[in-house]
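So the structure is just underneath, and the comments pick up after that.
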Amino acid sequence: MNYLSFYVNGKEIIDRNVEPEWTLLWYLRNKLRLTGSKLGCGEGGCGACTVLISRCIDKKSNEIEHRTVNACLAPLCSVDGCHVITVEGLGSVNKSNLHATQTRLAELSGSQCGFCTPGMVMSLYGTLTSKHNLLPTMQDIEEAFDGNLCRCTGYRPILDAAKTFAIDIDKIHYEKSSSSTTSTTMDKCFLYNQQNSLPINQVEFPSKLRNYIPQSIHIKGIIYFFSYQINFIYK
């Protein structure tokens with residue numbers, strides 16, 4: 001096979017003119033002009049480039065796996081047959097359809113310069129999505145930010161905002177730890193609404209990808225091998 005086939009924010013991408021060394025982040029920013037994913041360290045340490053990758057891992061049961069990845073490290077060829085969701089795919093202020101993860105970080109003072117915010121949003125959204133309709137705990141949410149760095153806001157307001165999605169959050173504890181948050185804002189943001197954990201305009205996993213089996217890709221003299229099954233490794 002000499003082309004890539006994948007989806008980005010619900011839009012099908014088929015590209016026969018790619019470079020083997022391109023990263024997913026480079027492609028998103030330079031080819032698709034989706035600049036919400038930031039290039040920070042370029043080493044997978046800051047999390048500013050975080051995106052969500054979804055793929056069908058079981059064709060019989062149609063099980064979909066959702067994982068957040070550092071787009072600055074992910075080879076573009078690795079997303080063949082996948083659905084990539086960037087922060088633009090969740091919501092946009094220009095379209096007046098911000099996702100709940102975006103609004104809560106903003107309303108609860110989880111952002112200052114904003115450079116790291118898209119990555120924070122995607123890490124949080126990835127946790128809500130990967131739980132497969134199970135409500136995350138505060139521990140789940142805290143661990144979701146292990147790969148994200150913030151240089152100006154400080155982690156407390158970010159975690160406080162994110163933990164409003166947790167099933168085990170104690171409202172009294174939260175109010176004590178958020179002295180800068182007004183009770184009105186707290187009442188509005190405290191309760192978890194499962195529907196609000198999804199994009200307002202939900203981007204479904206493309207049906208075309210449910211039966212898609214990635215093949216080895218031959219591009220410009222380079223072969224990219226896919227090991228999607230254990231027995232394939234030994235061939």
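The values are calculated or read from the model by the stated rules, or taken from the named source; none is laboratory data. Source: prediction; values computed, not measured. All Cβ positions, even for glycine, are placed from backbone atoms using ideal geometry, and neighbour counts span all protein chains on display.
Things to note:
- Of note, Ile141 does not satisfy the criterion of being assigned by TED's automatic domain parsing to the domain that holds Arg29 and of a type in the set (A, V, I, L, M, F, W, C).
- Val18 being surrounded by 15 or more Cβ atoms within 10 Å (Cβ to Cβ) and not in a loop (DSSP other than H, G, I, E, B): no
- Boolean, Ser61 is among the polar types (S, T, N, Q), surrounded by 15 or more Cβ atoms within 10 Å (Cβ to Cβ) and within 19 Å of Leu209 (Cβ to Cβ): no
- In the range 186-209, the condition of being surrounded by fewer than 13 Cβ atoms within 10 Å (Cβ to Cβ), at pLDDT 80 or above and farther than 19 Å from Arg67 by Cβ is met by at least one residue.
- Restricting attention to the range 64-85, the residues being within 23 Å of Cys116 (Cβ to Cβ) and surrounded by fewer than 23 Cβ atoms within 10 Å (Cβ to Cβ) number 5.
- A single entry from Gly47, Gly42 fulfils the requirement of being surrounded by 15 or more Cβ atoms within 10 Å (Cβ to Cβ), modelled with pLDDT of 90 or more and in a loop (DSSP other than H, G, I, E, B): Gly47.
- Residues of the range 138-155 that are more than 17 Å from Gly47 (Cβ to Cβ) and surrounded by fewer than 16 Cβ atoms within 10 Å (Cβ to Cβ): Gln139 alone.
- Considering (1) more than 13 Å from the chain's Cα centre (by Cα); (2) β-branched (Val, Ile, Thr); (3) within 23 Å of Cys152 (Cα to Cα), the lone condition that Val79 does not fulfil carries the number (3).
- For beta carbons closer than 8 Å, sequence separation of 6+ or different chains, a first residue in the range 105-121 that is assigned by TED's automatic domain parsing to the domain that holds Glu142 and a second that is at pLDDT below 85 and in a helix (DSSP H, G or I), the qualifying pairs are Glu107/Thr185; Glu107/Lys188; Glu107/Cys189; Leu108/Thr185; Leu108/Cys189.
- Scanning the range 83-97 for residues that are at pLDDT 85 or above and either out of contact with any strand residue (DSSP E or B) (no Cβ under 7 Å at 6 or more places or on another chain) or in a loop (DSSP other than H, G, I, E, B) (or both) turns up Thr86, Val87, Glu88, Gly89, Leu90.
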